[in-house]
Amino acid sequence: MEVSSSAPGGDPRAAAPVAITDLTVAYRDKPVLWDIDLTIPEGRLAAIIGPNGAGKSTLIKSVLGLLPIAAGNITFYGQSYAAQRRLVGYVPQRGSVDWDFPTDALDVVMMGRYGRLGWLRRPGRQDREIALECLRQVGMVDYAGRQISQLSGGQQQRVFLARALAQDAQIYFMDEPFAGVDATTERAIVALLAELRKAGKTVVVVHHDLETAPDYFDWCVLLNVRLIAAGPMSEVFNLDNLQRTYGGRMAFLSEHLAPGATP
Amino acid sequence: MIGLLYDLFFDYTLRNIALGSAILGLVGGVLGSFAVLRRQSLLGDALSHAALPGICLAYMLTGTRTSLVLLIGAGITGWLGTLLILMIVRETRIAEDAALGIVLSVFFGIGIMLLTFIQQSNDANQAGLDKYLFGQAATLVQDQVVTMAVLGSIALGFVFALFKEFKLLSFDPDFAGTLGFPTRRLNILLTSLTVVAVMIGLQTVGVVLMAAMLIAPAAAARQWTNRLSRMLVLAALFGMLAGVSGALISVSQARLPTGPMVILSASMIVIFSLLFAPARGIVWDTLRRRRDRGRLQAPPITPHGGQSASAERGSS
């Protein structure tokens, strides 16, 4: 009964790449995310924006089933994550792994194929071709055989992006891909986002830099434990909403965003 | 020397000691590699110490000194100790190093208490239970070596079959989780295989020294390669080399204890690797740094012009 009532033909949530309903996540007795209702429409480049501790990474991780949720429901094209796993790609924060691990860039990208391979099967020649192509897309094919600790921070980030590309997904979640990268990598990521958009993919990115957000993304999610606002960048990304998201830290913001406004 | 090699294959006692130590080195090296890469080296130490009460309890319950029974007892408490550590880290605010220390000392303390209790009970059959503290390879018999080989084959079989899964789990467990791999169960499986490696080592090197057989071959192997598969093979070879050479030294030199000799051999391999491995060795690294210091010169101030002259001056 639950199933038939929750998935009528005209429900826009059922068709959306990502639909989050009443999501609450807590660390012990402290809520990290409170009652989030959020739908990301198809083909959008969405930025999740909010101050430190707003729960941005937590949102991505709980949506991907990496953290237990206290309450709520999350669907991908109307179905659970377990059922739609193959449609979802993930770029974790660069700092979440040990880059001195004994492996090279190509091997890391091949890990993106493991979900499709399933248990026991080893990656084959075709997976290798795909991984090389993904490295090419992020401008890293010349570094395929390089030990990953010998790559710069930006190059490591691009290896992670290539790994997500190798997942060949419809929806991508990226946790701060722009954090601490060089200008070359930043340009490469922007170009990649544009390509993903052209290919009709949906991309959700945790983003820190308010200055570049309106240029790089067309959908905006403002988060501070609660969902403050979500919608098209042009409608949602304004001083009023940012003030509600960042609270007291607005003196800094108004300098950056509204040079004409009186401080 | 030739005689020693001849004995290695044809002398019953020496063959058992060498084979037992080699199997330990092989399995310890492979599973220790994962432990070292996952920064869980001390987990091996905690779980080998936690094996001691299991040996004593198994003896007290069954009254036999059959090695398989005692090893199973060791495996059970070692495994319980490990689960306890993982649980403490997950459910409390106690950090992993503290949890390791707590479990290691509590379990080892209980083990020593039980061991003393058994030794004071005047049971004629109890003699030699304390050999599990530091190992006593000289008493290995063929059946025990066969048991070790079977246990080792099972552990290595799992690693071979699940190599790709264990690699992903060790490098990026979150990503493995999003791909649908049950990371918690894989984690428990990999740790359980480490318990098997510890079971293999108890008779040879004992609970106190066992952690070194997990850490040393892996740490040495990491110095020589940047590929996980090669690291596993190298760690296995280093472990076997340490095992066999330790056994040979102990037999040829007026019966020095085998366990400590195996550990010392492994330590020599580690020291050599830390110093002389091509890319990561300290010696080459220091030489490189000294050479680079000699070549150091002022960076160009303007993007073009005027620099070539000063560069030539610097190198002449």
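Below is a table of values for the structure above.
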item	result
Unique match (being more than 20 Å from B:Ser67 (Cα to Cα) and in contact (Cβ under 8 Å) with a residue 40 or more places away in the chain) among B:Leu190, B:Leu151	B:Leu190
The lone exception for B:Gly128 - which of (1) in a helix (DSSP H, G or I); (2) more than 14 Å from chain A (Cβ to nearest Cβ); (3) surrounded by fewer than 15 Cβ atoms within 10 Å (Cβ to Cβ) it fails	(1)
Search result, residues across the range A:122-136 that are at the interface with chain B (Cβ under 9 Å from one of its Cβ atoms) and of a type outside the set (D, E, K, R)	A:Pro123
Matching entry among A:Ala164, A:Ala131 (being buried (at least 19 other Cβ atoms within 10 Å of the Cβ) and in contact with a Gly (Cβ under 6 Å, 6 or more places away or on another chain))	A:Ala164
Residues located in the range A:144-153, provided they are in a helix (DSSP H, G or I) and surrounded by fewer than 20 Cβ atoms within 10 Å (Cβ to Cβ)	A:Ser149, A:Gln150, A:Gly153
Breaking point among (1) part of a helix (DSSP H, G or I); (2) more than 13 Å from every other protein chain (Cβ to nearest Cβ); (3) farther than 30 Å from A:Thr58 by Cβ, for A:Gly139	(1)
Evaluation of A:Pro177 against (1) in a helix (DSSP H, G or I); (2) buried (at least 17 other Cβ atoms within 10 Å of the Cβ) (one fails), failing number	(1)
Residues satisfying the stated conditions in the range B:134-148, i.e. in a helix (DSSP H, G or I) and either crowded, with 20+ Cβ neighbours inside 10 Å or over 17 Å from the mean Cα position of the chain (by Cα) (or both)	B:Ala137, B:Ala138, B:Thr139, B:Gln142, B:Asp143, B:Gln144, B:Val145, B:Val146, B:Thr147, B:Met148
Only one of B:Thr64, B:Thr77 that is among the hydroxyl-bearing types (Ser, Thr, Tyr) and either in a loop (DSSP other than H, G, I, E, B) or touching a residue at least 60 places away in the same chain (Cβ under 8 Å) (or both)	B:Thr64
Segments classed as strands (runs of 3 or more DSSP E), wholly inside the range A:45-121, with at least 1 members that are over 18 Å from B:Lys167 (Cα atoms) and within 10 Å of chain B (Cβ to nearest Cβ)	A:88-91
Identity of the residue in the range B:165-202, in a loop (DSSP other than H, G, I, E, B) and more than 10 Å from every other protein chain (Cβ to nearest Cβ), that ends up surrounded by the most Cβ atoms within 10 Å (Cβ to Cβ)	B:Leu202
Selected residue [in contact (Cβ under 8 Å) with a residue 24 or more places away in the chain and out of contact with any His (no Cβ under 8 Å at 6 or more places or on another chain)] from A:Val190, A:Val236	A:Val190
Residue in the range B:114-123 that is farther than 30 Å from A:Asp29 by Cβ, within 14 Å of chain A (Cβ to nearest Cβ) and more than 19 Å from the chain's Cα centre (by Cα) present	no
Count of residues meeting criterion [of a type in the set (Ser, Thr, Tyr) and either within 14 Å of another protein chain (Cβ to nearest Cβ) or surrounded by fewer than 24 Cβ atoms within 10 Å (Cβ to Cβ) (or both)] in the range B:203-233	2
Some residue of the range B:12-19 being closer than 30 Å to A:Pro102 by Cα and assigned to a helix (DSSP H, G or I)	yes
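Residues are listed down the side, and each one gets a yes or a no for (1) touching a helix residue (DSSP H, G or I) at 6+ places or on another chain (Cβ under 8 Å); (2) among the hydrophobic types (A, V, I, L, M, F, W, C); (3) part of a strand (DSSP E or B); (4) on the phi > 0 side of the Ramachandran plot:
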position	(1), (2), (3), (4)
A:Gln156	yes, no, no, no
A:Phe160	yes, yes, no, no
A:Asp168	yes, no, no, yes
A:Ala188	yes, yes, no, no
A:Gly200	no, no, no, yes
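Throughout, read-outs are computed from the coordinates displayed, never taken from laboratory work. Only a predicted model underlies this, so the values are computations on that prediction, with no experimental measurement involved. Here Cβ is always computed from backbone atoms with ideal geometry, including for glycine, and neighbour counts include all displayed protein chains.
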